[in-house]
1. Which of the following residues is touching a Gly at 6+ places or on another chain (Cβ under 9 Å) and basic (Lys, Arg): LYS343, LYS387?
2. Taking region 260-283 as the region of interest, how many residues are open to solvent by 60 Å² or more (accessible area, probe 1.4 Å) and in a helix (DSSP H, G or I)?
3. Is there a residue being open to solvent by less than 50 Å² (accessible area, probe 1.4 Å), on the phi > 0 side of the Ramachandran plot and either of a type in the set (Gly, Ala, Ser) or in a loop (DSSP other than H, G, I, E, B) (or both) anywhere in region 236-244?
4. Output the qualifying pairs, or none if there are none: Cβ atoms under 7 angstrom, residues six or more apart or on different chains, first residue in region 113-137 and under 10 Å from GLY80 (Cβ atoms), second residue open to solvent by 70 Å² or more (accessible area, probe 1.4 Å).
5. Of the residues that sit in region 313-334 and are open to solvent by 70 Å² or more (accessible area, probe 1.4 Å) and in a loop (DSSP other than H, G, I, E, B), which one is nearest to PRO358 (Cα to Cα)?
6. How many of the residues making up region 208-224 are at negative phi, surrounded by fewer than 18 Cβ atoms within 10 Å (Cβ to Cβ) and touching a helix residue (DSSP H, G or I) at 6+ places or on another chain (Cβ under 8 Å)?
7. If we only count strands (runs of 3 or more DSSP E) wholly inside region 360-448, which ones have 2 or more residues that are in contact with a Cys (Cβ under 7 Å, 6 or more places away or on another chain) and surrounded by fewer than 18 Cβ atoms within 10 Å (Cβ to Cβ)?
8. Determine whether TYR294 is over 24 Å from GLY196 (Cβ atoms), of a type in the set (Ser, Thr, Tyr), in a helix (DSSP H, G or I) and open to solvent by 60 Å² or more (accessible area, probe 1.4 Å).
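The values are calculated or read from the model by the stated rules, or taken from the named source; none is laboratory data. Quantities reported herein were computed from a predicted structural model and do not represent experimental measurements. Cβ placement follows ideal geometry from the backbone for every residue including glycine, while neighbour counts extend to all protein chains displayed. Just the protein is used for accessible areas: all its heavy atoms, side chains included, with ligands, DNA and RNA removed. Shrake-Rupley method; radii C 1.70, N 1.55, O 1.52, S 1.80 Å.
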Amino acid sequence: ATTIPARVIPQKPSTVHFVPMAKPIRRADRSSPPPPPILGEPEGMTDNITPDRYEFLPGIPTGSPRIGGGGELLSALLMGFAIGTKWTVLGFWGITLAGIVVADLLQNRRVSAVLVKRVLLWGAVSLLLASPWLLRSYLYTGNPVYPYFYNIFGGRFWSVENAAQYSNDQANLGLGKDPLFLLLAPWLMNVSPTAGKFNEYPFGLSFAVVPLLLAAPFKPGRWSRTSVALALFAVVGYVFWFFLVQGTRYVVPILPVLALLGAEAFIGLWNVGKGFARYVGAVVIAASGVWGMYFASNVFAVPAIRVAVGAQSRSEYVASTQWMGTLLPASEWINANTPKDSKVALFDVVFGFYIDRPILWANPNHSGTLLPWDDYRDADEWLADFKRRGYAYLLTDEATTSFIRSDSSAMNQSWRTYLPEAVASGKVEVVFEKANERGQASRVYRIR
């Protein structure tokens, strides 16, 4: 006999439902209509679903999955766009592609023609969408994933020294590659004393994630193959993140998976109907939800509402955000006091969005061959060339400079010597200066 869910939800394209199954699904009678496939799994893979099971139904037609069906084509499209935004996503591209292969091999125990077609279609579609960005990078620099893998691809505007420095800077995020931190990082990135090690903000992610994942092994009943596959994706993705770059934003791709696994673990424990731990879990989730709403409203919604209703000006709002307390006034001064055709060279400053003049990130390790830094023999040659190119104004910011390690090669760049010399000799003057509460100033210089 076939037991169907107690509640039937009409299937609509592009609709996602979390459907609580009232009773286990038993597929003893193969002549009965099959339930909707789960994440594109073959018919019959829903055997022995426990009563507490929450299934992910993507709203696709029932029946055996076809090549590109079950959300695979949509997944490939989204992956292609994601690669175009961040080269790090190529790691998750490989993990997902490997997951498709492993899942099929575990199911069919052989390399089938269907598997080959599925892999080729998914990989080709995703890379085809990403190809404009890969091609652009290759044509401009000679490296399709610039500046990564310089030892393999090489490329213009970069060097062995820059590649080594970049790797060292990335390694400074997090707490290091010690195996102990492999276990502790999920906790440490969510508590205030150490959260700032993983990003520039003194807060982490939802504090419900860690306890729910710790409780997951104690969930009664079996985990479905879908859940196991999601868990493997999360584990492999986490290890990839840990050894590549321990930045909070780079772990975002596995957060939806962790949310699904955590929710399933909690529902499984709750439906057992006994034990004090489930109430603790409920309180943690509720508190995490309240914190999330408070954070979203206090950090994003409320400040935006102040601007929308006229209680705060746009400039005041931007100046209240990180880094911009001194950089926005400097940018506004440039807009109001420099000729329209003047150019601005930025040193140690990456936030030039509000400057309405042509700008160039002029640091030697970022301007590449656009500026002949190796040819300048002294401050006079540097100033003469900048004036010839139209860069009459310079912008520096001590707050961003303070984040560069003292032993970094970036601290030995020649402009750090040339600029003080030019100011001391009167060839360059400070025309604007504003310091923050720590005494770190943004300065605008004019070449005379």
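1. LYS343
2. Residues meeting the conditions: 6.
3. No, there is no match, as no residue in region 236-244 is open to solvent by less than 50 Å² (accessible area, probe 1.4 Å), on the phi > 0 side of the Ramachandran plot and either of a type in the set (Gly, Ala, Ser) or in a loop (DSSP other than H, G, I, E, B) (or both).
4. Listed by first residue and then by second, the contacts come to VAL125/LEU73; LEU129/PHE81.
5. Here the answer is GLN322.
6. Looking only at that region, the number is 3.
7. none
8. no
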